[in-house]
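Enquirer: To start, I am sharing the structure in question, which I have written as structure tokens.
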Amino acid sequence: MHGIMKAIVSIVVLAFAMCSAAVGQDEKGSVEDQLIALDKAWTAAELKGDKKAAGALIADDYIGTTQRGKIENKTEYLASVVPNSDMIVSDDYKITVHGDIAIMTHRATLKGVRNLQFRSTHVWQKRGGKWLIIAHHGSQITPEVD
């Protein structure tokens with residue numbers, strides 16, 4: 001009987017370990033999905049010119065580098081948020097999560113007054129249970145010249 005109990009306890013411990021590993025993987029996936037959704041919400045807020053919604057997604061100590069190489073703080077960034085009729089489609093997301101820090105890169109295609117593609121890197125930090133962008137860098141993808 002004692003041997004059977006040991007076997008049952010071993011099976012239960014193994015089952016818990018497997019469930020914990022699966023939950024850890026699901027958490028990472030859900031964090032990635034959550035960050036992609038937040039990134040898309042940030043883009044939508046920018047396109048609408050919604051300074052409040054855009055500002056809620058970036059930290060007060062935010063530092064951004066524009067596609068033209070200008071460094072900006074949160075106040076300067078928010079001053080540039082104005083409504084426009086552009087369309088932006090983002091894809092090719094790559095996200096690595098390191099505890100409360102996440103690094104995201106993606107490609108975006110802008111269609112509107114200007115048609116171009118660019119790549120962005122965002123550094124997200126979880127503060128007070130909320131993911132915020134603490135740093136951003138954007139670079140236009142230059143068409144190859146033959």
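The values are calculated or read from the model by the stated rules, or taken from the named source; none is laboratory data. Model, not experiment: these values are computed from the prediction. We place every Cβ from the backbone using ideal geometry, glycine too, and count neighbours over all the protein chains shown.
Enquirer: Please list, ordered by first then second residue, the pairs with beta carbon atoms under 7 Å, 6 or more apart or interchain, first in the range 108-129 and in contact (Cβ under 8 Å) with a residue 60 or more places away in the chain and more than 14 Å from residue 64 (Cα to Cα), second acidic (Asp, Glu) and not in a strand (DSSP E or B).
Expert: Listed pairs, sorted by first residue: 125/100.
Enquirer: Looking at the structure I just gave you, is residue 42 assigned to a strand (DSSP E or B), within 20 Å of residue 32 (Cβ to Cβ), of a type outside the set (Lys, Arg) and touching a residue at least 12 places away in the same chain (Cβ under 8 Å)?
Expert: In short, no.
Enquirer: Considering only residues that are among the β-branched types (Val, Ile, Thr) and not in a strand (DSSP E or B), look in the range 80-99 and name the one that is surrounded by the most Cβ atoms within 10 Å (Cβ to Cβ).
Expert: Among those that are among the β-branched types (Val, Ile, Thr) and not in a strand (DSSP E or B), it is 81.
Enquirer: Sticking with this one: Any residue in the range 72-89 that is modelled with pLDDT under 95, in contact with a helix residue (DSSP H, G or I) (Cβ under 7 Å, 6 or more places away or on another chain) and among the polar types (S, T, N, Q)?
Expert: Yes, the range 72-89 has at least one match.
Enquirer: Out of (1) under 17 Å from the mean Cα position of the chain (by Cα); (2) at positive phi; (3) of a type in the set (Gly, Ala, Ser), what's the single condition that is false for residue 49?
Expert: Among (1) under 17 Å from the mean Cα position of the chain (by Cα); (2) at positive phi; (3) of a type in the set (Gly, Ala, Ser), the lone unmet condition for residue 49 is (1).
Enquirer: Please enumerate the residues belonging to the range 67-79 that are surrounded by fewer than 16 Cβ atoms within 10 Å (Cβ to Cβ) and either outside any helix (DSSP H, G or I) or in contact with a strand residue (DSSP E or B) (Cβ under 6 Å, 6 or more places away or on another chain) (or both).
Expert: Residues satisfying the conditions are 67, 68, 69, 70, 71, 73.
Conditions (1) among the hydroxyl-bearing types (Ser, Thr, Tyr); (2) farther than 19 Å from residue 47 by Cβ; (3) out of contact with any Gly (no Cβ under 9 Å at 6 or more places or on another chain), marked per residue:
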| residue | (1), (2), (3) |
| --- | --- |
| 77 | yes, no, no |
| 85 | yes, no, no |
| 95 | no, yes, yes |
| 101 | no, yes, yes |
| 107 | no, no, yes |
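Enquirer: Would you call residue 80 without any contact (Cβ under 8 Å) to a residue 40 or more places away in the chain and either within 16 Å of residue 64 (Cβ to Cβ) or more than 16 Å from the chain's Cα centre (by Cα) (or both)? Working first, answer last.
Expert: Numbers: without any contact (Cβ under 8 Å) to a residue 40 or more places away in the chain: yes; either within 16 Å of residue 64 (Cβ to Cβ) or more than 16 Å from the chain's Cα centre (by Cα) (or both): yes.
Yes: the conditions hold for residue 80.
Enquirer: Residues that are part of a strand (DSSP E or B), modelled with pLDDT under 95 and aromatic (Phe, Trp, Tyr): does the range 103-125 have at least one?
Expert: Within the range 103-125 (the criterion being part of a strand (DSSP E or B), modelled with pLDDT under 95 and aromatic (Phe, Trp, Tyr)), the answer is yes, since at least one residue qualifies.
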